[in-house]
Amino acid sequence: MKLLLLLLVSGLCSAQYNSNFRSDRTSMVHLFEWRWSDIAAECERYLGPNGFAGVQVSPPNENLIITSPNRPWWERYQPISYKICSRSGNEQQFRDMVTRCNNVGVYIYVDAIINHMCGAGGGSGTRSTCGSSYNTGNRDFPAVPYSSLDFNDGKCKTPSGDIENYGDAYQVRDCRLVSLLDLALEKEYVRGKIAAYLNTLISIGVAGFRLDASKHMWPGDINAITSRLNNLNTQWFPSGSRALIFQEVIDLGGEAISASEYFGNGRVTEFKYGAKLGNVIRKWNGEKMSYLKNWGEGWGFMRNDRSFVFVDNHDNQRGHGAGGASILTFFDDRLYKMGVGFMLAHPYGLTRVMSSYRWTRSFVNGKDVNDWIGPPMNTDGSTKSVTINADSTCGNGWVCEHRWRQIKNMVIFRNTVNGQSLTNWWDNGGNQIAFGRGNRGFIIFNNESSNMDVTLNTGLPAGTYCDVISGQKEGTRCTGTQITVSSTGSARFTISSSAADPFIAIHANAKL
């Protein structure tokens with residue numbers, strides 16, 4: 001009996017690492033701050049047809065409306081209740097989005113804010129996205145309901161009540177993160193309210209959760225909540241499927257809390273990935289792309305089967321979180337495409353692509369003072385729709401990196417080579433590298449100041465392939481560069497150092 005119970009518990013835990021992606025898909029995209037109706041349309045018209053596996057969506061729960069500065073993006077991280085009601089849309093629109101996306105095999109992953117409620121200075125009133133009342137002074141959130149009994153005010157030992165020392169694990173988990181009211185997650189009542197919220201989302205059809213600020217919660221408290229979650233909705237998922245859990249834990253080393261403490265609950269965000277890849281692609285601190293030969297665990301990253309990776313996210317593209325100026329973003333589009341291309345070609349980690357909106361950066365003493373700016377807005381503060389231009393790019397201030405041909409085609413590349421090991425590594429000792437994925441794909445980069453002209457073994461069957469970076473296969477022709485693989489598997493690659501996209505990728509499904 002004990003052995004059976006252990007196996008059951010082990011099975012529940014292990015399932016929290018599974019992506020729940022369709023077997024032919026491998027990457028999700030974060031449609032940051034998109035409206036539910038726009039996400040539903042994007043699943044049907046673009047994400048499904050192009051092999052995207054899922055969408056991370058912004059927090060759907062009711063939040064504090066902040067008008068100074070003018071509706072910043074971070075108001076979404078200031079919960080008032082667990083009602084599904086935000087500037088992305090209401091509950092019915094959320095349900096419609098989940099149904100429509102699931103029906104085309106693109107699953108929804110919710111950014112869940114369960115560590116805290118809104119900030120201590122939020123005052124009182126009904127200035128919230130559903131109109132629910134609150135009083136931060138009394139710790140009163142009647143729409144949940146939470147009261148002063150449900151917060152960690154008495155547990156935190158710092159004079160300010162905020163985290164003052166990241167070298168103290170108790171402060172980091174029991175005190176307020178930037179004055180956000182810290183929930184007492186060890187209390188059964190609080191755990192029950194959070195689990196009920198997440199189970200509502202599961203019943204609607206979501207496939208998993210990003211747990212925001214996981215570093216600020218005790219791993220055991222997270223486990224006590226996620227162990228109460230129901231299996232996924234069998235309308236779309238196999239019986240017994242469990243929600244994917246990926247926990248936001250910033251661990252660059254040197255602090256009291258390590259990412260490995262959270263492995264028992266699910267996957268963990270590997271923030272070293274984007275920080276170090278940015279240094280390599282930028283060629284900072286003497287880094288070279290040839291050093292990427294043992295990329296992944298060989299670089300001190302977490303276990304592959306626990307890692308959740310990305311080049312940038314909504315925090316660090318604004319200079320928050322981890323990585324600083326090394327983080328590659330859409331503002332450095334040439335380098336960014338190389339970074340995302342490498343991530344999607346390399347087998348390490350569960351990958352997420354970023355999709356952003358544009359804002360005007362303004363630096364004062366090295367800090368972007370406009371890092372707070374919210375999504376493109378109408379004059380009434382509502383979020384603008386995502387419009388699609390004739391060339392498939394986005395309008396209305398939306399960047400839509402996932403629609404860039406190079407990134408979209410690399411998502412397809414990753415799907416095509418899934419399950420194949422890294423093979424045929426080559427480098428010049430500097431910033432020219434190439435590698436294959438079994439006999440399914442091959443990619444080559446020239447990040448040098450000199451032109452490249454090399455003949456390399458690709459491992460691919462003989463034939464003519466379309467480079468999916470300069471173009472793609474359309475019918476019986478290539479819209480970009482053609483690469484001929486000989487009977488021995490070798491091919492010649494020429495890449496100018498001044499090319500807009502100094503890399504080439506070919507794969508089995510791009511063969512003429």
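Things worth noting here:
- Cut-off under 5 Å, modelled amide H: who pairs with Ile469 long-range: Ala505
- The relative contact order of segment 248-391, computed from alpha carbon pairs under 8 Å that lie at least 6 residues apart in sequence, is 21 percent.
- Spatial separation of Cα centroids for segment 465-512 and segment 373-444, in angstrom: 17
- Computed about its Cα centre, the charge dipole of segment 165-220 is approximately 140 debye, with only Lys, Arg, Asp and Glu carrying charge at their Cβ.
- Relative contact order %, the chain, counting alpha carbon pairs below 8 Å whose residues are six or more apart: 12
- Segment 85-101 versus segment 283-299: alpha-carbon centroid distance in Å: 42
- Shown in residue order for segment 21-31 are the 3J(HN,Hα) couplings computed by the Karplus curve 6.51 cos²θ - 1.76 cosθ + 1.60 at θ = phi - 60°: 5, 4, 4, 9, 10, 9, 9, 9, 10, 8, 8 Hz (x for Gly and Pro).
- Portion, in percent, of the accessible area of the chain that falls on carbon or sulfur, probe 1.4 Å: 49
- Taking θ as phi - 60° and the Karplus parameters 6.51, -1.76 and 1.60, the scalar couplings of segment 287-298 work out to 6, 9, 5, 4, 6, 6, 4, 10, 4, x, 4, x Hz in sequence order, x denoting glycine and proline.
- Rounded to the nearest 500, the 222 nm mean residue ellipticity of the chain from helices alone is -6000 deg cm²/dmol, with -39,500 (n - 2.57) taken per DSSP H run of at least 4 residues.
- Between amide H atoms placed 1.01 Å from N, distances below 5 Å from Leu181 occur with Met117, Cys118, Gly119, Ala120, all of them 5 or more places distant or on a separate chain.
- Taking Cα centre as origin and charging only the Cβ of basic (Lys, Arg, +1) and acidic (Asp, Glu, -1) residues, the dipole magnitude of segment 35-88 rounds to 120 debye.
- Solvent-accessible surface of protein heavy atoms, probed at 1.4 angstrom with all chains present, puts His320, His402 in the order His320, His402, largest first.
- Proximal lysines relative to Lys155, as straight alpha-carbon distance under 23 Å, when same-chain residues fewer than 8 apart are discounted: Lys187, Lys193, Lys215
- ³J(HN,Hα), Karplus 6.51/-1.76/1.60, whole Hz, each residue of segment 375-391, x for Gly, Pro: x, x, 10, 7, 4, 8, x, 6, 6, 5, 5, 8, 9, 10, 7, 4, 8
- C-alpha long axis of helix 188-204 to longest principal axis of the chain, angle in °: 50
- Residues of the chain: accessible area per residue with a 1.4 Å probe, Å²: 37
- For the chain, share of DSSP beta bridges that run antiparallel, in % to the nearest 5: 60
- Selected from Ile194, Ser258, Val280, residue furthest toward positive end of dipole (segment 187-309; charges at beta carbon): Val280
The values are calculated or read from the model by the stated rules, or taken from the named source; none is laboratory data. Please read these numbers as outputs of a predicted model, since none were measured by experiment. We place every Cβ from the backbone using ideal geometry, glycine too, and count neighbours over all the protein chains shown. The area values use the complete protein model at the heavy-atom level, side chains included, leaving out ligands, DNA and RNA. Shrake-Rupley method; radii C 1.70, N 1.55, O 1.52, S 1.80 Å.
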